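Participant: Could you have a look at this structure, given as structure tokens, before my questions?
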Amino acid sequence: MTTNATLIAPDLKPRETVNWNLGPAALYESAIRRGEGQLAAGGPFAAITTPHTGRSPKDKFVVREPTSEADIWWGKTNQAMTPDHYAALREDILRHLAGREIFVRDVFAGAERTLRISVRFVTENAWHALFVYNMFIRPNPEELDDFTPGFTVLHAPEMTADPARHGTNSGTAIVVNFAERTILIAGTRYAGEMKKSIFTLLNYIYPKQGILSMHCSANVGEDESDVALFFGLSGTGKTTLSADPTRALIGDDEHGWSDTGVFNFEGGCYAKVIRLSPDGEPEIYATTRMFGTVLENVVLDDRTREVDLNSDEITENTRASYPIFAIPNHVPGGRSGHPSNIVFLTADAFGVLPPIAHLTADQTMYHFLAGYTAKVAGTERGVTEPQATFSACFGAPFLPLHPGVYAKMLGERISQHRVKCWLLNTGWTAGPYGEGKRMPLGYTRAMVRAALDGTLEDVPTREDPVFGLRVPTSLPGVPSDVLDPRSTWQDPARYDAQARHMAEMFREKFAVFADQVEQAVRDAGPRV
């Protein structure tokens, strides 16, 4: 492979050594030699990204330029950057990278071959090159020989942006320029920014091609028609619930839904591993001991180099990045048929939502646009405990287009394929955060399996008086009182007050969509 710098960026002049598309062993060696992290016992590479141990949503920008300006959902999610500020930042990133040993990784995003996007990552850190090697789809040697990047990511984590010169809010910047097909990342080592910047990119490209892009995990049963999607923000259970040994994993976080079915955007998984259980999550747990895995902000024992998954000394948001084939029961090729079930995951920090409920078509649209969950500690900077949030489409931070675009496409596909939809609360029961407890994983798995195998279609239900949801009254493997959250509270009157407060929050947050949906969808929300 040539090391011509003009193939990376015309004005980038790295020093003579350009490490291009190295395998994990060479990247490990480079990262350790350069002091970028440590080797854990058993083989994983452990990196620390402080002070950034989560995403920086206030530092994300889209360049305001003629080709995309009319399409972008401008606001707090997609802050505008001027072309001049972008040009200055790009110039300074290239100057920063010039003269350094750099690592180049060519990958694909999108498992559907006719739809995939080619991406070139250029970074100054070996472990970040290993991270994208794990996370995206690896070209074969023939594809590398004539690889042409559709988009380029210039990654300068050790450079600090200048708000006065670059128009940023801080020393951190994540900037997408759709016209120049370039992404700039500066001032943060947190690898999740690399992953989510590509998701943002695909959330712009694919809907314009008639393909629904989704923030969800996916798995499939023995029949290709038995596909399940799990929508949710980080920490709500997408990775855990989709890694089910009785079903095959399509992908753990990001997917497209085309005319032929569902396909993974990535070639790897990025799992939260804080307090990971070898009994409850054995497949994911095994990856934390595997050569090639990148552990992010996971504590190692100073003496033994053993991994301590129970420690939140650095952050609650500890992560493991590993190729999807590390999960034994995965789908080679990352593609399957149309879904028959969709599950919306919410981690309700108030402890009032039912653990599972069947959604009507109107309720599905309501809850998809509302996107209620709790921000889990550590996923974003400054979040130290769960906070109630409403994130449209269960992924607002990554949506360059208006949420209505994705909701309309989802509704059409649900109707066309007669998909059953569910709301699953993986959050708190018997009280709010700080008083109650997190829903036991065993109960949650039992509820999911009952939904997917049709058991819930034959059990009696009740209508929740506040949220209007159909809730099962009995379910094998789950105590009946757990299915009724009010009965788990010591003080039912406090539950009632909390539920009314939650209903008010739903109505307030959904108001921004009220004039864009039919009356039946507006009426599908909680009753105040």
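The values are calculated or read from the model by the stated rules, or taken from the named source; none is laboratory data. No experiment lies behind these values; they were computed from the predicted model shown. Glycine also receives a Cβ, built like all others from the backbone with ideal geometry; neighbour counts cover every protein chain displayed. These accessible areas exclude ligands, DNA and RNA; they are computed on the full protein's heavy atoms, side chains included. Shrake-Rupley method; radii C 1.70, N 1.55, O 1.52, S 1.80 Å.
Participant: Would you check the accessible area of Ser340, probe 1.4 Å, heavy atoms only, in square angstrom rounded to 10?
Facilitator: 30 Å²
Participant: Same structure again: Show log10 I(q)/I(0) for the chain at q = 0.11 Å⁻¹, two decimals, from a solvent-free Debye sum over equal Cα scatterers.
Facilitator: So the normalised log intensities are -0.95.
Participant: Moving on. Set Lys and Arg Cβ to +1 and Asp and Glu Cβ to -1, take the dipole of the chain about its Cα centre, and tell me which of Val104, Met159, Thr82 lies farthest positive.
Facilitator: Farthest towards the positive pole: Thr82.
Participant: Which order do Met135, Met409 take by accessible area at a 1.4 Å probe, largest first?
Facilitator: My answer, sorted largest first, is Met409, Met135.
Participant: Normalised by the residues of segment 52-128, what does the relative contact order come to in percent, with Cα pairs under 8 Å and at least six apart?
Facilitator: Result for segment 52-128 is 21 percent.
Participant: Quick one: check the C-alpha center-to-center distance for segment 212-289 versus segment 129-205, whole angstrom.
Facilitator: 23 Å
Participant: Given a 1.4 Å probe and every protein chain left where it sits, what share in percent of the accessible area of segment 135-291 is carbon and sulfur?
Facilitator: Whole-percent figure for carbon plus sulfur exposure: 48.
Participant: Run the simple label-point estimate for Asp496 and Arg33 please: 7 Å along Cα→C-beta, distance reported in nm.
Facilitator: Label-label distance for Asp496 and Arg33, simple model: 7.1 nm.
Participant: Okay, moving on. With N set to the residue count of segment 386-476, report its C-alpha Rg divided by 2.2 N^0.38 Å to two decimal places.
Facilitator: Scaled against compact globular proteins, the figure is 1.31.
Participant: Still on this structure, please answer the following. In deg cm²/dmol and to the nearest 500, what is the mean residue ellipticity at 222 nm of the chain if only DSSP H runs of at least 4 residues count, each as -39500 (n - 2.57), divided by the residue total?
Facilitator: Calculated mean residue ellipticity at 222 nm is -7500 deg cm²/dmol.
Participant: Any idea which of Val459, Trp127, Gln516 is furthest toward the positive side of the dipole for the chain, if Lys and Arg beta-carbons carry +1 and Asp and Glu beta-carbons -1?
Facilitator: It is Gln516, whose Cα lies furthest towards the positive end.
Participant: Another question, if that's okay. Under 18 Å from a point 7 Å along the Cα-to-Cβ line of Leu144: which residues of segment 30-53 have their amide N that close?
Facilitator: Taking a point 7 Å out along Cα→Cβ of Leu144, the residues of segment 30-53 whose backbone N falls under 18 Å are 30-31.
Participant: Counting only protein chains, not ligands or nucleic acids, how are Arg445, Arg275 ordered by accessible area (probe 1.4 Å), most first?
Facilitator: Arg275, Arg445
Participant: Further, regarding this structure: Between their Cα atoms, which of Lys76/Lys420; Lys196/Lys437; Lys272/Lys408; Lys196/Lys238 are more than 26 Å away from each other?
Facilitator: Lys76/Lys420; Lys196/Lys437; Lys272/Lys408
Participant: If you don't mind, there's one more thing I want to ask. For segment 42-99, what is the accessible area per residue in Å², given a 1.4 Å probe and the full set of protein chains?
Facilitator: Solvent-accessible surface per residue comes out at 43 Å².
Participant: What is the Cα convex hull volume of segment 160-233 when expressed per residue in Å³?
Facilitator: Hull volume over Cα atoms, normalised by residue count, gives 124 Å³.
Participant: Enumerate the residues in segment 303-331 having an amide nitrogen under 17 Å from the point lying 7 Å beyond the Cα of Ser170 toward its Cβ.
Facilitator: Once the point is set 7 Å along Cα→Cβ of Ser170, 315-317 turn out to lie under 17 Å by backbone N, inside segment 303-331.
Participant: Quick one: plug the Kirkwood hydrodynamic radius of segment 102-261 (C-alpha pairs) into Stokes-Einstein at 20 °C, 1.002 mPa s, and report D in µm²/s.
Facilitator: Rounded, D is 126 µm²/s.
Participant: Next question, about the same structure. For the chain, return all DSSP H helices satisfying: extent of Cα atoms along own axis at least 18 Å; mean Kyte-Doolittle hydropathy at least -1.0.
Facilitator: In the chain, the long hydrophobic H runs are 83-97, 192-205, 403-417.
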